[in-house]
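Heads up: the structure comes next, in structure tokens.
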Amino acid sequence: MKIGLLGTQYRINRMKLVIEKYFPEIQPIYFHEKSYYYEPELGNELIKAKNNLDGFVFAGELVFQNYNKIFYPDVPTAYIAKDWTSLQSALLNASLKGIDIGRVSIDSYASSMVDEIYSGLELQESVHILKRGVFNSAYAERILGEHIHFFESGQVSGCITSISSIYDRLTKLDIPTVYVYPTTEAIVKAINHVKDTYDVLHSLTQDVVILIIHIVPKKEYSHIRKDEYLYTHEKIKVAEEVYYFAKNTNAAVVSDSLNQFIVLMNQKDFLEYTNGLQRFYLLNSIQANTDCDVNIGVGYGNNPGIAKYNANLAIEKCDGKQVNQTYIVSNSHTIIGPLDFLTKNDTTQAIDEKVFADLTSRSQISQNLIFKIYTLMEKNKRNSFTTLELAQLLNMSQRNASRLIHKLEDSGFAQLVGSKSSGSHGRPSDVYWIDFKL
């Protein structure tokens with residue numbers, strides 16, 4: 001099996017070690033990234049190599065965003081996620097180098113993840129989390145400047161960075177710096193994901209997908225099971241999320257019973273919605289907006305009957321002791337799972353409930369709507385929208401979308417960044433940048 005891998009030299013070196021140890025059967029083809037933005041020359045190189053590759057692994061989410069369009073949906077892809085264990089390892093490395101980890105500057109990580117790691121440490125913290133943004137040369141220079149400022153002003157004793165070019169420049173200035181390498185676990189997970197997806201895709205003869213969504217009241221709300229009214233109320237809330245999902249993916253809810261839904265959809269739409277089996281935002285929505293968990297069985301087949309049979313095999317794999325599991329079955333010999341779409345420390349996991357509550361308090365926008373905007377940005381990998389785009393994506397009137405934007409502006413979570421022509425003779429639409437400052 002030929003798998004392409006793209007990343008900076010630091011990450012390529014780490015991936016080579018993992019592949020040599022754990023995946024001797026793979027024939028790796030390495031591509032080196034020189035900058036963090038799209039390089040036309042590298043893009044052309046990947047286009048030429050595409051037809052000779054069975055899968056592709058990106059060293060990070062940013063490079064995935066830049067080049068995944070070259071491969072999707074023909075070649076299975078995955079990226080090495082930025083998990084909390086990578087940052088934890090970097091902090092341990094910093095401590096061994098004599099850096100006071102209670103006084104560091106950290107880039108590329110959400111404040112919620114950093115706070116979670118430090119919450120268990122009894123430190124007098126002076127940790128500076130550098131604000132994330134759209135990666136370009138100006139962003140890189142800003143991050144570099146902030147690291148230097150915090151060190152030279154004595155506010156930190158060292159720097160933690162996930163950006164190789166910044167690591168090189170800081171070390172040349174003799175500033176104590178640690179680079180955040182991906183963990184072996186994260187690399188193995190990404191490669192296995194590509195291998196499993198390849199097996200599933202090559203076992204298909206048609207593109208029919210059936211989802212069986214089984215509802216399970218959360219343990220802390222187990223009384224709901226005994227109260228028919230409460231259970232029905234929560235089931236209606238789950239139904240709202242399922243039907244919203246179906247509307248946005250051209251799917252059809254073909255069965256709606258007391259404790260489960262059956263959804264029929266196209267395989268291409270399913271893979272697009274899940275970003276190549278990387279994310280499943282329906283799970284996040286149900287978690288945030290209802291008092292229920294779910295298990296999902298996904299079946300592939302060349303007709304709805306076979307797809308449903310495989311979906312039943314998939315849902316049976318959920319043992320009942322665990323929740324929010326997803327299994328995929330394309331035939332009785334090819335099973336993927338459990339896919340852990342709700343990993344607790346995943347950086348793209350839904351925002352912590354306390355953070356949601358704070359955002360709601362500051363913006364006077366409902367927690368449900370805040371979550372939908374956040375999920376929208378994560379799914380589409382973008383932060384800029386016109387009011388018309390928000391209205392269409394959030395299924396609301398343009399007037400309500402305009403009011404929403406003004407509330408976000410007033411609370412400091414949105415700003416006008418430009419305008420965009422709609423192609424008609426009307427005036428250009430204002431474009432707003434939304435940032436919840438996580």
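The values are calculated or read from the model by the stated rules, or taken from the named source; none is laboratory data. This structure is a prediction, so every number in the text was calculated from the model and none was measured. All Cβ positions, even for glycine, are placed from backbone atoms using ideal geometry, and neighbour counts span all protein chains on display.
Quick one: count up the residues across the range 137-161 that are crowded, with 22+ Cβ neighbours inside 10 Å and either under 29 Å from residue 19 (Cβ atoms) or among the charged types (D, E, K, R) (or both). Number satisfying all stated conditions: 2.
To keep it simple, each residue is scored yes or no on (1) over 27 Å from residue 280 (Cβ atoms); (2) at pLDDT below 80; (3) not in a loop (DSSP other than H, G, I, E, B).
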position: 349; (1), (2), (3): no, yes, no
position: 356; (1), (2), (3): no, yes, yes
position: 365; (1), (2), (3): no, no, no
position: 368; (1), (2), (3): no, yes, yes
position: 377; (1), (2), (3): no, yes, yes
position: 404; (1), (2), (3): no, no, yes
position: 408; (1), (2), (3): no, no, yes
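Condition (residue is outside the structural domain of residue 63 (by TED's automatic domain parsing), under 21 Å from the mean Cα position of the chain (by Cα) and within 18 Å of residue 61 (Cα to Cα)) applied to the range 140-155: is it met by at least one residue? Looking for residues that are outside the structural domain of residue 63 (by TED's automatic domain parsing), under 21 Å from the mean Cα position of the chain (by Cα) and within 18 Å of residue 61 (Cα to Cα), one finds none in the range 140-155, hence no. The set of residues in the range 383-399 being of a type in the set (S, T, N, Q) and under 20 Å from residue 240 (Cα atoms) consists of 392, 395, 397.
Pairs meeting the criteria (first residue in the range 259-279 and on the phi > 0 side of the Ramachandran plot and outside any strand (DSSP E or B), second residue of a type in the set (D, E, K, R) and surrounded by fewer than 20 Cβ atoms within 10 Å (Cβ to Cβ), beta carbons under 8 Å, at least 6 apart or on different chains) are 275/379.
Please enumerate the residues belonging to the range 1-48 that are of a type in the set (A, V, I, L, M, F, W, C) and surrounded by 17 or more Cβ atoms within 10 Å (Cβ to Cβ).
Going residue by residue through the range 1-48, those that are of a type in the set (A, V, I, L, M, F, W, C) are 1, 3, 5-6, 12, 15, 17-19, 23, 26, 29, 31, 42, 46-47.
Result: 3, 5, 6, 12, 15, 18, 19, 23, 26, 31, 42, 46.
For the range 302-324, the count of residues that are closer than 30 Å to residue 391 by Cα, over 22 Å from the mean Cα position of the chain (by Cα) and buried (at least 16 other Cβ atoms within 10 Å of the Cβ) is zero.
Say we look at the range 73-111 and pick out the residues that are basic (Lys, Arg) and under 19 Å from residue 183 (Cβ atoms); which of these is modelled with the lowest pLDDT? So that I can check it myself, show each step before the final result.
Step one: of the range 73-111, the residues basic (Lys, Arg) are 82, 97, 103.
With the extra rule that they be under 19 Å from residue 183 (Cβ atoms), the set shrinks to 82, 97.
Values: 82: 79, 97: 93.
Filtering first and then ranking leaves 82.
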